[in-house]
Each structure stands twice: as structure tokens, then as C-alpha cells.
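Single-structure report; data block below.
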Amino acid sequence: DMKGGTISVDGNTGDWTGCSMKQGYIEISGDTGSHLGGGIPGDPHGMWNGKIVVHGNAQDRVGDRMRRGTIIIYGNAGDYCGSRMLAGTIIILDKAGKYVGYSMRRGSIILAKKPKHISSTFKSCGHL
């Protein structure tokens with residue numbers, strides 16, 4: 001559990017980067033694996049607070065069960081981005097995969113590009 005401080009990665013990271021993070025700042029110059037800012041198996045919550053910035057792409061389930069905090073991805077995000085999210089903010093500045101916000105309760109997902117499919121439970125707040 002990261003409880004503060006700064007981690008700067010010059011390159012790529014694997015799965016579960018920032019999982020169950022409590023506070024702090026992570027910046028990744030490359031790509032990252034799945035479950036960025038998510039919760040470890042068996043934990044009901046993912047990231048609690050803090051900020052994660054990815055300058056590349058992220059794989060599936062970004063912010064899964066995220067509780068608070070901010071995730072910014074300059075590239076693409078995989079499927080199920082923001083799945084089961086309880087709160088917090090995710091910003092995707094390129095394309096997002098399928099099932100964005102699946103089973104999401106609260107929080108914000110900001111997409112720079114229109115997704116292929118948007119669930120009927122969501123409403124566009126912009127000019128997508």
C-alpha cells in the first residue's frame with residue numbers, strides 16, 4: 001500500500017501498478033499493464049487517493065473498484081475502464097476500450113474521444 005511520496009518510472013510497468021494506493025503520486029513515461037489503480041484480489045476497494053499519470057497506454061480494468069483519486073492516461077485504455085468504480089476521476093486522452101464504467105456507482109470518467117459503444121445508463125456531458 002503506497003501511503004505517500006512520489007514514484008517516477010522511466011519506462012513501462014506491469015499489472016497492478018498503484019493497486020490499493022492510499023496517497024501519493026505515480027508517473028509512468030511508458031505503458032502499463034492491467035488493473036492500474038485497482039484493488040488486489042479479495043480487497044473490496046482499489047485506489048483510495050492520490051494521482052497516477054501514464055504517458056502511454058494502459059491495459060484492461062483501469063481503476064477497477066477505485067475509491068478516490070485521479071488517473072490520467074495520455075494514450076489508450078483497455079476494456080472495462082472504471083469498472084465497479086466507487087468514486088474518483090479517470091481521464092483518457094485517446095481511445096477507451098469496451099464496457100467503460102461497467103457497474104460503476106459514482107465518480108467521473110472523462111473521454112477525449114467518443115467510445116464505440118456507450119451504455120444506456122450513461123449520459124454524454126459534451127459534444128461526443
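Every read-out reported here was derived from the displayed coordinates using simple, explicitly stated rules and does not represent laboratory data. Just so it is clear, the model here is predicted, and its values are computed rather than measured. Positions of Cβ are backbone-derived with ideal geometry, glycine not excepted, and every protein chain shown enters the neighbour counts.
Below, the figures for the structure above:
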read-out	value
Lys pairs, the chain - Cα-Cα below 29 angstrom, 8 or more residues apart or on other chains	21
Loop chymotrypsin sites (Phe, Trp or Tyr not before Pro), the stretch 84-128 (other Cβ atoms within 10 Å of the site Cβ: 15 or fewer; DSSP)	PHE122
Radius 12 Å from Cβ of SER34, net charge of other residues (Lys, Arg +1; Asp, Glu -1)	-4
Length added when fully stretched, ASP43-SER8, from 0.36 nm per residue minus Cα-Cα	10.1 nm
ASP94-CYS125 pseudo-label distance in nm [points 7 Å out on the Cα-to-Cβ vector]	2.4
Separation between Cα centres of the stretch 8-51 and the stretch 80-96, rounded to whole Å	13
Residue-span extension gain [VAL53 to HIS117] - 0.36 nm each, minus C-alpha spacing	20.5 nm
